[in-house]
Amino acid sequence: MSAALAGAVRQLSDTVGVLPPESTQQAVGYPSLFLLVALGALVPVVPTGAVVSSAAVVAFHQTSPLALGAVFLIASLAAFTGDVVLYWLGARGVRSRNGSRWLVALRDRAAPDRLEQARNRLATHGGTVLVLSRLVPAGRIPVMLACLLSHMSLRRFARGDAPACLAWAATYGLIGILGGSLFPEPWQGVVAAVALTVALGAAPALWRRARRARHAG
């Protein structure tokens, strides 16, 4: 991992509370975690999985046994809030004759083949597809767009998205716990957790690219 990434990870660790006392972490780190995850759910500028894993590493090294639970609850709530807001914005575009920039952005972020798969699975399995959508890399947006195009109500979307966010936060929290348990220093665990998160996110795309290359050959 490059020195620049390691430096960024160190800064992130400081943000979520590696060095400050626990009271400062609660006052600054938890709100920062919520804002980063909620923002990352709205726009693809924040690697939310890496943020949650890093926060879980920090919480693992805290003396308070409630720190990990707080990270899990805050990450789940932030992801759910971001998803619901994004869905509401997209639904406004679906109802409008002129669409909206949020709906256009969702279409741009969903590959046509992934969107078609999501629509087929939604038609077959209904809202249960939402539960797995956040656990599949690059699966959240195609499923959300498929729900929008099928005119799923916001209430029904929220019911399916809530367990999806809980499962997502638990998964990346466990990655953070794994990284924190392997190294004595919190920043080392953060680096390991971020690396594992990036690898998990990139693996499906690399696998699909390899399959296309093999079929083309």
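Derivation of every value follows stated rules applied to the coordinates shown; laboratory data play no part. Note that the structure is predicted; figures quoted are calculated from it, not measured. In this analysis, Cβ positions are derived from the backbone assuming ideal geometry, glycine residues included, and neighbour counts consider all displayed protein chains.
Quick notes on this structure:
- Spin-label pair Ser100/Ala138, simplified geometry with 7 Å Cα→Cβ offset, distance in nm: 2.6
- Convex hull volume of the C-alpha atoms in the stretch 113-152, normalised per residue: 52 Å³.
- Size descriptor, Kirkwood hydrodynamic radius, that averages inverse alpha-carbon separations across the stretch 80-132, Å: 12.2
- Highest average packing first - 68-74, 105-111, Cβ atoms within 10 Å: 68-74, 105-111
- Gain in span if fully extended, Leu42 to Glu116, counting 0.36 nm per residue against the direct Cα distance: 24.4 nm
- Whole-percent pair-distance distribution, where bins are 10 Å wide, for the alpha carbons of the stretch 82-170: 18, 55, 25, 1
- Separation of the Leu66 and Thr128 label points, Cα + 7 Å toward Cβ, nm: 3.7
- Estimated FRET transfer efficiency (Ala158, Leu182; beta-carbon r; R0 30 Å; 0.05): 0.25
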